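Everything below concerns the one structure shown next.
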Amino acid sequence: MLDREGFRPNVGIVLLNSRNQVFWGKRLRAHSWQFPQGGIKYGESPEQAMYRELYEEVGLKPEHVRILARTRDWLRYEVPDHYIRKDARGHYRGQKQIWYLLMLIGRDSDLDLRASDHPEFDAWRWNDYWVPLDMVIEFKREVYELALTELSRFLPRTVHHTRYLRAGIRGRLRDQQAEPAIDGQAQGRDAPRTNDPPAAPVGRDTPLPGPSTS
């Protein structure tokens with residue numbers, strides 16, 4: 001199904017995990033990596049096509065993901081002639097795509113590259129959001145950059161490990177301050193004097209004790 005300009009309607013999928021890393025699939029028996037994508041069939045909406053392709057290519061169902069955003073307009077790329085079948089040359093130009101940003105709410109083990117009889121990928125990994133475009137086939141790179149840029153404003157905020165670290169330190173300090181002296185253990189030179197000011201809470205601008213191990 002082509003439009004009047006020779007572009008086939010298509011959907012692309014950027015799948016996130018809780019760290020805002022993206023699913024990165026290695027094409028079957030090839031050395032290139034890409035996001036899941038596929039054509040929109042006659043009578044399908046872009047969203048229906050997205051869910052179908054999501055299952056066929058990575059084995060995920062609607063209950064495994066949440067839609068965060070989609071691109072407003074079609075993003076187009078042209079396919080070089082030597083990648084086009086001879087019988088399609090002259091009227092097929094390339095793909096026009098709607099891109100979806102999804103959050104995985106299932107588990108990594110829910111992904112299945114063999115959910116379809118015609119697998120698209122033979123390996124996958126989580127990659128930083130700004131994927132290395134030199135690993136993408138050249139004629140798709142501009143569309144990837146446009147899609148990632150437009151969707152990046154909808155990325156969820158991630159909770160950094162240091163926030164948990166600081167919260168843990170604050171909790172330990174409160175516990176230590178609340179503990180009473182036992183059997184005179186606090187009667188030596190290290191015991192706090194009653195006139196000493198209370199310890200300052202560990203805040204955002206307070207240096208953490210010791211080097212971080214994260």
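Quick note: the coordinates plus some simple rules give every number you see, no bench work behind them. In this text, all values refer to a predicted model and were calculated from it rather than measured experimentally. Neighbour counts are summed over all protein chains in view; Cβ atoms, including those assigned to glycine, are modelled from backbone coordinates with ideal geometry.
Descriptive notes on the structure:
- Prolate/oblate/rounded call for the range 62-122, Cα gyration tensor, a/c under 1.5 rounded: oblate
- The string of couplings for the range 129-137 from the Karplus curve (6.51, -1.76, 1.60, θ = phi - 60°) is 3, 7, 5, x, 5, 5, 8, 9, 4 Hz, one whole number per residue in order, with x for Gly and Pro.
- Local charge for K26 was computed over the other residues whose Cβ lies under 13 Å away, with Lys and Arg +1 and Asp and Glu -1, and equals 0.
- Counted residue by residue at 0.36 nm each, then reduced by the alpha carbon distance between them, the extension gain from A88 to E145 reaches 17.8 nm.
- Peptides 114-123, 94-103, 14-23, 137-146 ranked from most to least packed give 94-103, 14-23, 137-146, 114-123, packing being the mean of other C-beta atoms within 10 angstrom over each peptide's residues.
- Extension gain, R52 back to D108 (0.36 nm per residue minus Cα-Cα distance, nm): 18.3 nm
- FRET efficiency, L28 to F154 (Cβ-Cβ, R0 41 Å, nearest 0.05): 0.85
- Protection proxy ranking of 80-86, 68-74 - average other beta-carbon atoms within 10 Å, highest first: 68-74, 80-86
- Peptides 37-46, 149-158 ordered by average Cβ neighbours within 10 Å, highest first: 37-46, 149-158
- Using the Cβ-Cβ distance between E78 and N20 with R0 = 22 Å, the FRET efficiency computed as 1/(1 + (r/R0)^6) comes to roughly 0.10.
- Couplings 3J(HN,Hα) for the range 70-78, derived from phi with the Karplus relation 6.51 cos²θ - 1.76 cosθ + 1.60 (θ = phi - 60°), are 8, 5, 6, 10, 5, 10, 10, 9, 9 Hz, where x marks Gly and Pro.
- L133 paired with A69, simple spin-label distance in nm, labels 7 Å along Cα-to-beta-carbon: 1.7
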